[in-house]
Structures are given as structure tokens and as C-alpha cells.
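Enquirer: Sharing a structure, written as C-alpha cells. Questions coming.
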Amino acid sequence: MTRASFAARLVRWQRTHGRHHLPWQGTRDAYRIWLSEIMLQQTQVATVLGFYARFLERFPDVHALAEASEDDVLALWAGLGYYSRARNLHRAAERVVTEHGGRFPTDAATLATLPGIGPSTAAAIAVFAAHERRAILDGNVKRVLARHAGVEGYPGQAAVERSLRALAEARLPTAKRALSAYTQGLMDLGATVCTPRAPACARCPVAEDCVARMTGRTATLPTPRPRRALPERRQHFLLALADRDVLLVKRPSSGVWGGLWCLPGIEESANALVEAARFGRPLSGAVEHLPPIEHTFTHFRLSIVPVCVRLERVASTPAPQGTLWLPLDEARSAALPAPIGRLLFEMASNRSSGR
């Protein structure tokens, strides 16, 4: 089949069977398109929908986002994960206001200079906002192209990615008016039909000449990431409580959970009472080790061990800079790492029910 027929079949399929109900579709507002594209990186549509609506309600345009504090942005982002996306989102908004007069760029070259916008995201925004002829290459698209063309090798390897990018660019439709439907069709096909497991080949508009289908390799293409055991780490956190408040510290802007509020980390061998005494007067000598919480990141697995100490805050012992006493009832609305937020919410619920 010719490359034009691949594009034409995909465009026809998208217009009839693709997704048309998503809130960021049907607009050429680059700000709204950008926001959705960043949220959809490594996050499923069903999860993004609620966050997207809340974000737009709080930050309806790039000026509102740029003027917000990073804490406000992170608080609304809490639960989406990969928090560097939120920090880059805020920095990019500031750049758009200061360097582009608040007019969000729509060309891929300029978009790619903003924090957090890679080549594929820049291409998607440029296609949907300005019908620029650009090829996207996110995870879904890599899977579709690798299967259809029979491309071997892990797509994260540079040589394999170059091959897939060449395919993506070669298969673009020539008609400018078809670019949006084609690009959306690739996204929709990868998300709803050409799925990682059990692809629905019978419903695929390009199955007729798909190499993976014809050779029985849909389960092995694209080539999976080389397997390796995830390293395991263990971290103790001080859960210091004073009446109905919990002590939080601001994490450094870089690294795991950068810029979020979190429980203070302590060494496993540390005396929890001594650590807690920096923030108030321990009410007793009792230290309670709560059950560990398992949390998996992309590159390692973390076992979180909360160590609970109850304090009486003393006016003459001010909390150090970068710390915050937060009512447990407000934990859900703070910019907290997801597992810490769940722990504090559970504690607040238990207190309310008298358990």
C-alpha cells in the first residue's frame, strides 16, 4: 500500500470511529492543547479528564498560570505524578508571558524551546493549533508504526527511534486539512485499537498490510524494554503530630517529589524523639512505627516507613524555615506526594470516625 493510502485510511477511520468528545478537542487554543498534551504524557485519558477541568477553572489562560505560585500549581497537580511536568508547566507559562507577550506559540520550533516540551509534544500542539505539517512520535504512535512496518528493536534505542521517526514523517498526509484528523487518528488508534496487549486487529483500518498481524507478531512488536529488576530503597519518614496538625517540610526543587511538601525524612538509625524535638516537645516517649507503604517509581521501588511521634508545640521552639504545620483535614488539597497524601487522609478519616 502507498503511504497516501495509509494516511487516507486512518483519516477516514478517525472521522467515523475516532474520539471526538474529549474536552481539549475542537479548539485551536494552543494553551488548552498544550495543557492537555503535558497532562497526557504517561497518564491515561480517564485520569486526565478531571485534572484538566480543575486546572482550567483555576488557570483559564497562560497569564493566570504564570502569575500563580509553584505551590498552587503543584497542589492542583497532586495525584497526576511525574511532578517535573507541573514545574515545567509553570516555568513555560512564565516564559510565554515574559518572552512572547502572553501569546502562546503555535510553531513547533518555538514550542520546543519551552520547558517540558519535547519534539513530539511540540509537533502535536503545532498540528492541532496551526495545522503545521509535523510528525508526532509518542509511545502509542511508536507502537502503531513498529507493528505496521515490522520494525524490530526496542523503540527507546536511538537507532530504532530514528527509523520510526523517518516512518512517521514519510506517512504524513500531503493535504494540510487532513493533518489534524490524521494525527488524532494515530493517537486514537494506539489508545483504543492497537493496544499494548490484545490489539483489536479486526477493527483496525490499516490491518490489511500490517506486518505484525500478517506474521503473527503483534505480541512481540514493538520489542519490549530489556527487563531488569527494579532497585529497592527504604526510607523512614517522621510523622510528627501536634493535636490535629502534621509537620511537613518542603523538598528541594530537583529530585524525587521535587518542590512538594512531605514528611521529614530521617535515617533508619536515628532517634525519632530527638529528631522530633527540633520541632516541638514530645508528649511522651512513645514512638510508633506504622506499616510500610510501598510505592513504585519508574526506576526504583520505595518502601516508606512512617515513624509517628506526638508533640506539644512550644512557642519558644519555632519550626525551622521551610517547614509547615498543616491540619490533617487539609491534606488532600496540599501539594503532597500521592502516597503521603493518602496516608494523611487515612489518618484524618480515622480520627473523624474515632478509630
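Enquirer: Just to check your reading of the model, which residue among L230, L167, L186, L179 is at pLDDT below 95 and not charged (D, E, K, R)?
Expert: Result: L230 is the single residue among L230, L167, L186, L179 that is at pLDDT below 95 and not charged (D, E, K, R).
Enquirer: Now for a separate question. Tally up the residues in segment 288-344 that are assigned to a strand (DSSP E or B), touching a Lys or Arg at 6+ places or on another chain (Cβ under 7 Å) and either modelled with pLDDT under 90 or not assigned by TED's automatic domain parsing to the domain that holds L241 (or both), please.
Expert: Summing the residues that are assigned to a strand (DSSP E or B), touching a Lys or Arg at 6+ places or on another chain (Cβ under 7 Å) and either modelled with pLDDT under 90 or not assigned by TED's automatic domain parsing to the domain that holds L241 (or both) in segment 288-344 gives 2.
Enquirer: Moving to a separate point now. Only residues that are over 16 Å from T215 (Cβ atoms) and β-branched (V, I, T): list them for segment 145-157, please.
Expert: Answer for segment 145-157, where residues must be over 16 Å from T215 (Cβ atoms) and β-branched (V, I, T): there is none.
Enquirer: Which of the residues that make up segment 157-169 are more than 13 Å from A7 (Cα to Cα) and not in a loop (DSSP other than H, G, I, E, B)?
Expert: Once the filter is applied, which keeps residues that are more than 13 Å from A7 (Cα to Cα) and not in a loop (DSSP other than H, G, I, E, B), segment 157-169 yields A158, A159, V160, E161, R162, S163, L164, R165, A166.
Enquirer: Only one of G150, G118 is in the same structural domain as R19 (by TED's automatic domain parsing) and either buried (at least 16 other Cβ atoms within 10 Å of the Cβ) or under 28 Å from A46 (Cβ atoms) (or both). Can you tell me which?
Expert: G118
Enquirer: I'd like the residue in segment 153-171 that is among the hydrophobic types (A, V, I, L, M, F, W, C) and surrounded by fewer than 19 Cβ atoms within 10 Å (Cβ to Cβ) and, out of all such residues, is nearest to Q25 (Cα to Cα).
Expert: Step by step, filter segment 153-171, then rank; the result is A170.
Enquirer: Could you tell me which numbered condition A202 fails, if it satisfies all but one of (1) surrounded by 20 or more Cβ atoms within 10 Å (Cβ to Cβ); (2) assigned by TED's automatic domain parsing to the domain that holds E161?
Expert: Here A202 meets the rest and fails (1).
Enquirer: Mind checking which residues of segment 330-346 are touching a helix residue (DSSP H, G or I) at 6+ places or on another chain (Cβ under 8 Å) and β-branched (V, I, T)?
Expert: Scanning segment 330-346 gives no hits.
Enquirer: Applying the selection to segment 170-202, what residues are charged (D, E, K, R) and either assigned to a helix (DSSP H, G or I) or out of contact with any helix residue (DSSP H, G or I) (no Cβ under 7 Å at 6 or more places or on another chain) (or both)?
Expert: K176, R177, D188, R197
Enquirer: Continuing with this model, one more query. Spot the failing condition for R28; the list is (1) closer than 16 Å to T121 by Cα; (2) basic (K, R); (3) surrounded by 15 or more Cβ atoms within 10 Å (Cβ to Cβ), and only one is missed.
Expert: That leaves (3) as the condition not met.
The values are calculated or read from the model by the stated rules, or taken from the named source; none is laboratory data. What you are looking at is a predicted structure, and each value in this text was computed from that prediction instead of being measured. All Cβ positions, glycine included, derive from the backbone under ideal geometry; neighbour counts span all protein chains shown.
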